[in-house]
Amino acid sequence: MTPTSREKICDLVIRELPMALFIVDDRLRIIEFNATAEEITGWPRKEALGRPCADVLASSLCGDRCPLRESAENGRTCRERDAVIHTRPGQKKAIILSSVALVDKAGRLEYGIELFRDATAIKKLEAQKKNLISLFTHDLKVPVAIAGGFLERLLSGKAGPLNEKQTRYLESIRREIRRLEGYIRSFLEIARIESGRLELQVEPQDLGRLLREIVEGFRVQAGKKRIRLSLDLPPSLSPVAIDPLQMNRVISNLIDNAIKYSAEGTTVQVIVREEAAGPVVEIRDQGPGIAPEEQEHIFDSFYRIPENGAGHVAGTGLGLAAVKAIVEAHGGRVRLRSEPGQGSSFMVMLPRTGQGRNGPEKKEKEK
Ligand code: ADP
């Protein structure tokens, strides 16, 4: 293929791709903008060219969550990120975006490619699905509670004596009913957090003390697998505005996973850093790691990796969905850095002050 025909083919691909695509230069200014990008954003190509991409997309990821900068930093494609953009005519639109950065030898951004598609229909379907599951789960609560009540009566002998085998069988049923009740509770709680119905009790907290208490609580569990569990705190930490109960749940879920999925004799570290945007709590393990194609899904409710090298580990697939929902309700975010065979690092990035849904800033405005 001659260089000119390759160029012609590239032009054709960019123009006709049934996906929005634009290319930016080292200053994040748009140098290519295809027809689908025009359609989704409402920006004519001519006007978009030369503008900073943050002006054109005005997306929820622009700024410190810019996936292009992230891709430049870690050398990987940021795949399938959910974002909301503001279109030229002023509408909000959900998109799913992938970004890849081309960097020079010094690691500086040379060019960036952004590919995205309209996610309005998908988001609507997802919301309907969640709503349906939530309604269904809610309806399950009552029959499960009634079955549990009768079971307790049988086990207490109130309906007549039981032999040993009958007792054993009924105890197994009780265990499973409790498990089912746990699933129902967790799922309903996630649905409540995601829909904004969970009121966070946000107040200034000593993050160091909270983490020390949580880590102490995991010593026995870690000890059973001979896992070294450490906590690294900076010399001083400013107070953070968080809901201590919910944040306890977040960190506990992450430490629990780190221990659960790691092999015996490994190390789990909880490391806290003060960054400009706020404190970051990192939970780092030496477990099986998580493949890039799984990383986008593990935060979805009920998603579990079928085979991640840790053997069979019991779980519900709801833990990380709760972690993400709670952290985002605080105005923070969760980031994962992991590679198969290299362990995993889950980072909880908290805002400096309570900028979440129920944070002090919102309360101020509501006064
Ligand atoms: P659960 O642990 O109950 O399955 P989670 O939502 O907490 O549910 O996690 C989802 C999936 O992500 C897990 O099934 C597991 O495959 C994977 N995962 C979570 N944490 C880790 C970790 N630290 N190391 C490896 N895999 C993990």
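The values are calculated or read from the model by the stated rules, or taken from the named source; none is laboratory data. This one's a predicted model, so the numbers in the text were calculated from it and none came from an experiment. Here the Cβ is made from the backbone with ideal geometry for all residues, glycine too, and neighbour counts use every protein chain on show. Protein only, heavy atoms only, side chains kept; ligands, DNA and RNA dropped before computing areas. Shrake-Rupley method; radii C 1.70, N 1.55, O 1.52, S 1.80 Å.
Points to keep in mind about this one:
- Translational diffusion of region 151-277, estimated by Stokes-Einstein from the Kirkwood radius over alpha carbon pairs at 20 °C in a medium of 1.002 mPa s, is 118 µm² per second.
- Fraction of alpha-carbon pairs over 35 Å apart in the chain - percent: 38
- Positive-end ranking of T120, T137, I95 along the dipole of region 76-141, with charges on Cβ about the Cα centre, is headed by T137.
- Solvent-accessible surface ranking, highest first, for T4, T167, T87 at 1.4 angstrom: T4, T167, T87
- Unit charges on C-beta of K, R, D, E only; dipole of the chain, Debye: 900
- Value of [θ]222 nm, deg cm²/dmol, for the chain, DSSP H segments ≥ 4, -39500 (n - 2.57) each, nearest 500: -14000 deg cm²/dmol
- Taking all protein chains together and a 1.4 Å probe, the residues E176, E32, E307, E274 rank E307, E176, E274, E32 from largest to smallest accessible area.
- Computed over region 151-216, the alpha-carbon pair-distance distribution with 5 angstrom bins reads 3, 13, 12, 10, 11, 13, 10, 9, 10, 6, 2, 0, each value a whole percent.
- Furthest towards positive pole of dipole, Q201, Y183, L12, structure part the chain, Cβ charges: Y183
- Legend: distances between Cα atoms for K124/K324; K8/K105; K165/K260; K92/K130; K260/K324; pairs beyond 23 Å are K8/K105; K165/K260.
- Taking all pairs of distinct alpha-carbon atoms in region 284-343, Kirkwood radius in angstrom: 12.3
- Kirkwood analysis of region 3-118, using all unique Cα-Cα pairs, places the hydrodynamic radius at 14.2 Å.
- Per-residue surface analysis assigns D64 an accessible area of about 120 Å², computed on protein heavy atoms at 1.4 Å probe radius.
- Cα convex hull of region 237-346 - mean projected area over all directions, nm²: 7.1
- Solvent-accessible ranking of Y111, Y169, Y303, largest area first, probe 1.4 Å: Y169, Y111, Y303
- Proximal aspartates and glutamates relative to K123, as straight alpha-carbon distance under 19 Å, when same-chain residues fewer than 8 apart are discounted: E39, E80, D82, E194, E296, D300, E328
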